[in-house]
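Take a look at the structure set out below.
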Amino acid sequence: MSVLRVVDPGDAEILSRLQKENRAHLAPWSPLRDEHWLSAEGQLELIERRLVQMVEGCAAVFVVLDDGEVVGEITLDGIVRGPFQNGHVGYWLAEHATGRGLMTRAVEELAAHAFDVMGLHRLQAGTLVHNAASRAVLRRCGFSPYGTAPRYLRIQGRWQDHVLFQRLAHDESLDP
């Protein structure tokens with residue numbers, strides 16, 4: 001049974017609630033967020049922008065489900081076509097849903113969608129250097145570290161280093 005489904009405008013309320021309830025849990029790994037972003041209205045605006053991006057083929061956004069209940073989100077954005085065929089993976093999970101393999105399943109499903117449906121060649125993801133749980137998820141899903149990016153993203157108000165990971169599609173017919 002799939003743990004993913006495409007995000008829907010009807011998810012705005014639950015995503016807002018989850019973000020607020022898990023603010024302390026997610027804070028060490030997240031950019032600073034204003035109250036509007038955390039609101040149902042802010043989440044609805046974000047969902048609507050992301051759905052347009054999905055139609056345009058430059059993103060794929062899913063909610064993560066636990067027995068049908070929304071418990072997180074996973075995104076594939078910054079998709080570049082042409083000779084690159086690459087996308088960036090990002091995700092978060094409510095604290096009560098961690099430690100049971102849900103995000104590992106979600107990343108695997110997203111990778112299958114990216115490679116088999118969208119035809120991408122490469123996925124990449126970055127984690128804070130001290131985010132051992134996220135690094136473990138990526139490694140379990142076949143991602144390999146390929147470097148460290150100094151001051152890569154502004155997390156919690158300051159530029160922080162990230163370990164960069166990648167996973168390549170395994171379609172040898174793409175090789176010359």
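The values are calculated or read from the model by the stated rules, or taken from the named source; none is laboratory data. Because the structure is predicted, anything quoted here is derived from the model rather than measured. All Cβ positions, glycine included, derive from the backbone under ideal geometry; neighbour counts span all protein chains shown. With ligands, DNA and RNA removed, areas are computed over all heavy atoms of the protein, side chains included. Shrake-Rupley method; radii C 1.70, N 1.55, O 1.52, S 1.80 Å.
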A careful count of residues in the stretch 7-38 that are open to solvent by less than 70 Å² (accessible area, probe 1.4 Å), out of contact with any Asp or Glu (no Cβ under 9 Å at 6 or more places or on another chain) and more than 26 Å from His130 (Cβ to Cβ) gives 1
Taking first residues from the stretch 24-41 that are in contact (Cβ under 8 Å) with a residue 60 or more places away in the chain and second residues anywhere that are exposed (fewer than 11 other Cβ atoms within 10 Å of the Cβ), the pairs with Cβ under 7 Å that are 6 or more apart or on different chains are Leu32/Gly157
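With Gly78, Gly87, Gly82, Gly126 as the choices, which residue is open to solvent by less than 20 Å² (accessible area, probe 1.4 Å), within 24 Å of Ala149 (Cβ to Cβ) and free of Cβ contacts under 8 Å to residues at least 40 places away in the same chain? Working first, answer last.
Working: Gly78 fails: open to solvent by less than 20 Å² (accessible area, probe 1.4 Å); Gly82 fails: open to solvent by less than 20 Å² (accessible area, probe 1.4 Å); Gly126 fails: open to solvent by less than 20 Å² (accessible area, probe 1.4 Å).
On inspection, the qualifying residue turns out to be Gly87.
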Within the stretch 132-148, of all residues that are surrounded by fewer than 18 Cβ atoms within 10 Å (Cβ to Cβ) and touching a Phe, Trp or Tyr at 6+ places or on another chain (Cβ under 9 Å), the one farthest from Thr98 (Cα to Cα) is Tyr146
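Do any strands (runs of 3 or more DSSP E) entirely within the stretch 93-176 hold 1 or more residues that are closer than 14 Å to Ile74 by Cα, and if so, which? Let's see the steps before the verdict.
Working: elements: 122-128, 144-155, 158-168.
It comes to 122-128.
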